[in-house]
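Take a look at the structure set out below.
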Amino acid sequence: MLTVLIAAALLGGCGGSGGTTVTGSLPRHEVGPRGEEIGGEAASLLHISQADCAVLQRRAEAQSGRALARHSEPTPPSSRCRLTAPGVTIGVYLDAGHAARQRYLNRMVEQNQFGAPDPGRITHPVAGVGDPSPGNQYASWVPDLGSLFAARGNRWLTVAYSVAGVSSPQSLQRAKVLARLGFRLSAR
């Protein structure tokens, strides 16, 4: 019986991740199978509405100089706005689900693991789009995918930008404008 009590006391003193001990009535945050903190990033009802998609459409039409067809799926937590025309495919995708920020971070790690050593397939930090951080880790451009990935709070926004005749650096600049607009619109 004494052995059981000693073992229970030792196990009871073990902390969670990072060596911290959860005591008293503090909420317990557990780590999921991909390293995400369960309970730390709640899902929200934030989304890209049909009206938001229309605003994004007008901005993208001004950028491309072409009339674009709009396809909207405004249902949270995974909403999207696709804009198309011959030679044009632009998608703005918002993930506001549980642990979206952690999924963003996981995706960037995987992109670098599987894209290396090709510079066109790995992430390139982008300033002024995602949450401020050292090294701009919350916004990344992957040139070969023509995609800008960014996280603000618990929102992960992806802008996939493909317009015939537009260079990768120019596509990045245009994607940044749409990403900032998408974050602003979806924050309501």
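The values are calculated or read from the model by the stated rules, or taken from the named source; none is laboratory data. This is a predicted model, so every value here is computed, not measured. Glycine gets a Cβ as well: all are built from the backbone with ideal geometry, and neighbour counts include every protein chain shown.
Quick look at the values:
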read-out: In segment 153-162, residue nearest to ARG59 (Cα to Cα) [restricted to those that are surrounded by fewer than 21 Cβ atoms within 10 Å (Cβ to Cβ) and of a type outside the set (S, T, N, Q)]; value: ALA160
read-out: Count - residues of segment 108-125 that are crowded, with 17+ Cβ neighbours inside 10 Å and within 28 Å of SER44 (Cβ to Cβ); value: 3
read-out: Test: residue in segment 179-188 that is in a loop (DSSP other than H, G, I, E, B), out of contact with any Asp or Glu (no Cβ under 6 Å at 6 or more places or on another chain) and modelled with pLDDT under 95; value: yes
read-out: Pairs, first buried (at least 17 other Cβ atoms within 10 Å of the Cβ) in segment 126-146, second among the hydroxyl-bearing types (Ser, Thr, Tyr), C-beta under 6 Å, six or more apart; value: GLY130/TYR138; SER140/THR123; VAL142/THR123; PRO143/SER168; GLY146/TYR161; GLY146/SER162; GLY146/SER171
read-out: Of the criteria (1) of a type outside the set (Gly, Ala, Ser); (2) within 13 Å of the chain's Cα centre (by Cα); (3) under 24 Å from ALA164 (Cβ atoms), which one ARG82 fails; value: (2)
read-out: Cβ-Cβ under 6 Å pairs, at least 6 apart or on other chains, segment 162-188 side of a type in the set (D, E, K, R), far side surrounded by 15 or more Cβ atoms within 10 Å (Cβ to Cβ) and assigned to a helix (DSSP H, G or I); value: ARG174/GLN63
read-out: PRO132 assigned to a loop (DSSP other than H, G, I, E, B), on the phi < 0 side of the Ramachandran plot and either over 12 Å from the mean Cα position of the chain (by Cα) or modelled with pLDDT of 95 or more (or both); value: yes
read-out: Close pairs from segment 58-84: first closer than 14 Å to ALA179 by Cα, partner of a type in the set (Lys, Arg) and assigned to a loop (DSSP other than H, G, I, E, B), Cβ under 9 Å, at least 6 apart; value: ALA60/ARG66
read-out: Which listed residue is touching a Ser or Thr at 6+ places or on another chain (Cβ under 6 Å) and either assigned to a loop (DSSP other than H, G, I, E, B) or of a type in the set (A, V, I, L, M, F, W, C) (or both), from ALA160, ALA151; value: ALA160
